[in-house]
Amino acid sequence: MPDSSRSKITAMVEGALCIALGEVLSKFNLFVMPQGSSVDMGLMPLILFAWFRGLKWGCGAGALAGLIKILLGGYILNPVQAVLDYPLAYACTGLAALLPRSVLGKTAGTFLAGLAQIACHVVSGAVFFGQYAPEGQNPWMYSFAYNAPVIAMKYVLSFIAVCILWKALQGTPLQKD
């Protein structure tokens, strides 16, 4: 088998394992919000995969993770909402690999990924869940106030865990730097 085919197969297997691990970790909630959002470590394997394999593979694995979340019981009101809240939002996780692989690049890329995912959820929340905003409150502000802290906390906790894992993997065959 040619090396390029073997490399692609290896990347697909790694991606599948990270998606599966992310789904398992998402079942262990640190806390749950009243309308269903939760803080968990499910993004950690997706961020780590993006750092190892790059933007294209990271976004692809994230989008597949979002589709799997739909299949495993995602909350869907509308097809556009489903795309915003699941495949597109989780594909944003791959943006963690957008910037150079320095410490600053990984930090900024992960921050950018978190902002992009927050944007997806805020748009979805304002457009499709705005009716839940208290009377007189702007649905966009309500959606931001609901989604931003949850997603930010997921990214902060996952980023810390990924940094610890990344450091532990220094010098191993898995480390590509």
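General observations
- Pairwise centroid distance, computed over Cα atoms, of region 76-90 with region 1-65, Å: 18
- Computed from Cα positions, the angle between helix 3-25 and the longest principal axis of the chain comes to roughly 40 degrees.
- Extension gain for Ile164-Ser38 works out to 43.1 nm (0.36 nm per residue, less the C-alpha to C-alpha distance).
- In straight-distance terms, cross-link reach from Lys27 covers every one of the lysines whose alpha-carbon lies under 24 Å from its own, apart from those fewer than eight places away in the same chain; here that gives Lys69, Lys154.
- Size descriptors for region 89-177: radius of gyration and Dmax over Cα atoms are 16.3, 57 Å.
- Once the Cα atoms are used to define both axes, helix 139-169 deviates from the longest principal axis of the chain by about 20 degrees.
- Positive-end ranking of Gly42, Asn138, Leu104 along the dipole of the chain, with charges on Cβ about the Cα centre, is headed by Leu104.
- Dividing the summed -39500 (n - 2.57) terms of all DSSP H runs of n ≥ 4 by the residue count of the chain sets its mean residue ellipticity at 222 nm at -21500 deg cm²/dmol.
- Where only alpha carbons of region 1-94 are counted, the Rg and the Dmax (Å): 14.1, 51
- Compactness of the chain as Cα Rg over 2.2 N^0.38 Å, two decimals: 1.06
- Distant-in-sequence amide contacts of Ser38, defined by a placed amide H-H separation under 5 Å and a gap of 5 or more residues or a different chain, comprise Met33.
- FRET efficiency for Val127 and Leu71, using Cβ-Cβ distance with R0 set to 25 Å, rounded to 0.05: 0.60
- Residues Phe28 and Met141, FRET efficiency given R0 of 45 Å [Cβ-Cβ distance, rounded to 0.05]: 0.90
- Net charge dipole size for region 43-169 [Lys, Arg +1 and Asp, Glu -1 on Cβ; Debye, nearest 20]: 560
- Between the helical axis of 103-128 and the longest alpha-carbon principal axis of the chain there is an angle of about 30 degrees.
- When each of the peptides 70-80, 107-117, 89-99 is scored by how many other beta carbons lie within 10 Å of its residues on average, the order from highest to lowest is 89-99, 107-117, 70-80.
FYI, it's all coordinate maths here, none of it is from the lab. Computed from a predicted structure; not experimentally measured. Virtual Cβ from ideal backbone geometry, glycine too; neighbours counted across all protein chains shown.
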